[in-house]
Amino acid sequence: MNQEEFLQQLARELAPLNEEERGRVIDYYREMICDGIENGEDEQKMIESFGKPYDIAAQILAESRSTVQAAIPSEEENTYTAKNPVQSIIIDARQIALEIRPVPSGPVQVHFMPAENDRVSISEQDGIFTFRQTVLYAIFHWHIFFSREQHKIVLDIPESFHGALSASTSNARIGASGLGKLSHVRLESSNGQISLSNFECGTLNAKTSNGAVIIHNLYGSNCTVQTSNGRISAESCTFPDGLTLRTCNSGMFVQSVSSDQYDFASSNGSIRGTVFGDMREYAVRSHTSNGSSTLPPELVYPDQKKSMNVHTSNARIDIRFLQQST
Amino acid sequence: MDTQRKKGVLEICVLALLQREPSYGYRIVRDISPYIEVSESTLYPILRRLEAGDCVSTFSQEHNGRLRKYYRIEPQGKEKVRQFLSEAEEMRRIYQFVEEESK
């Protein structure tokens, strides 16, 4: 973890504190790191010696007398608006669906109607807008489980925003469509579907479990999708530096995707579809057991910079290269 | 040493150190660690508490194009150190007693 990652994570863990208190902690650690580096210490090692951001925050939160502050809804009710310029957006939620949508202009905004057992905090620090929703006590009641499907957090991102987005939830779906151009996008859920379409981003990381991941019409440099027990469908996506799709116990379907580094893996699920490229340029490695494959197990020549790795078991591999029409 | 007691002792060590001159986070850790185990992450809550209790005050000074936060001891902090030292004689007697009885 480098300095910025460490400080960002720490700020995130300290979300229950007010802005001033959080700023003190961040300043303290930033100064520590600067002084350490000036004294010839290794940045990485030093950060490791601090301990995990979660543990540091737990200690500070335990000490702090200020209790969790419920954010004050601004302007209109149940809308939380960033007041400063935002470079990064962090949404940290539990048991609730996330919808991320574009708005032509205006500030970064979160719309959310807290239920009785929801607690919300927002913070803005060094250009990082953090919205955190926690559930005081989890109710696993079918009625509530289903009614919460209607209950969601909506994040409005103005088209002028080109920063990073990190959003996580659990037991619910994440959807994003039509956003402008973002730098890094990291989306994480569990037991929920992730569906993303029509936007551009530098790197994309989407992770869930027991849910499908559907990506459509996305552009960027690098994309990693991970799920388990859920299918993956990728269509019209271009990520030259890498397109990595992983699942297990479920199938995978790709169509009209383009990358120099394909990496598809499943187990007990088929992998099929079409990819753009000239097969001769790719170092191909593939393996399945108990299934047919349209790809050679290994066809590698020296100097090949592009690669395709496809692995599954107990299912077939049916991947075909298409020459991209210009 | 149990944590609560260690925190108390650390507070005194920080205050004692600041009696000489104001200092900053990184140097405080380096100056104290030969005597008592302290890390950057244990120091923060201690400094914060000392500041909140008016035992120390802070000021910023420029260093290499950035601001560094310095901690300066206040009368209340000096009083704490005096108190600790005045208890030392009593503590020594107690230690002696415990040692004698444990032979």
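The values are calculated or read from the model by the stated rules, or taken from the named source; none is laboratory data. Note that the structure is predicted; figures quoted are calculated from it, not measured. Please note: Cβ atoms are built from the backbone with ideal geometry, for glycine as well, and neighbour counts cover all protein chains shown.
Brief remarks follow.
- Evaluated against (1) within 14 Å of another protein chain (Cβ to nearest Cβ); (2) in contact with a helix residue (DSSP H, G or I) (Cβ under 7 Å, 6 or more places away or on another chain); (3) of a type outside the set (Val, Ile, Thr), B:LYS80 falls short on exactly one condition, (1).
Let's see how each residue does on (1) surrounded by 14 or more Cβ atoms within 10 Å (Cβ to Cβ); (2) within 19 Å of A:GLU31 (Cα to Cα); (3) among the small types (Gly, Ala, Ser); (4) free of Cβ contacts under 8 Å to residues at least 12 places away in the same chain:
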site	(1), (2), (3), (4)
B:ASP2	no, no, no, yes
B:CYS13	yes, no, no, no
B:LEU17	yes, no, no, no
B:SER23	yes, yes, yes, no
B:TYR35	no, no, no, no
B:SER39	no, yes, yes, yes
B:SER60	no, yes, yes, yes
B:GLY65	no, yes, yes, yes
B:GLU79	no, no, no, yes
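- Qualifying residue in the range B:35-54 (condition: assigned to a strand (DSSP E or B), more than 11 Å from chain A (Cβ to nearest Cβ) and of a type in the set (A, V, I, L, M, F, W, C)): no
Residue-wise test of (1) surrounded by fewer than 17 Cβ atoms within 10 Å (Cβ to Cβ); (2) in contact with a strand residue (DSSP E or B) (Cβ under 9 Å, 6 or more places away or on another chain).
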residue	(1), (2)
A:ILE157	no, yes
A:ASN171	no, no
A:GLY175	no, yes
A:SER183	yes, yes
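- Filtered by the rule that a residue be away from every other protein chain (no Cβ under 12 Å) and over 20 Å from B:LEU67 (Cα atoms), the range A:14-49 gives A:ALA15, A:PRO16, A:ASN18, A:ASP42, A:GLN44, A:LYS45.
- Residue under evaluation A:LEU204, criteria (1) over 14 Å from the mean Cα position of the chain (by Cα); (2) modelled with pLDDT of 95 or more, criterion not met: (1)
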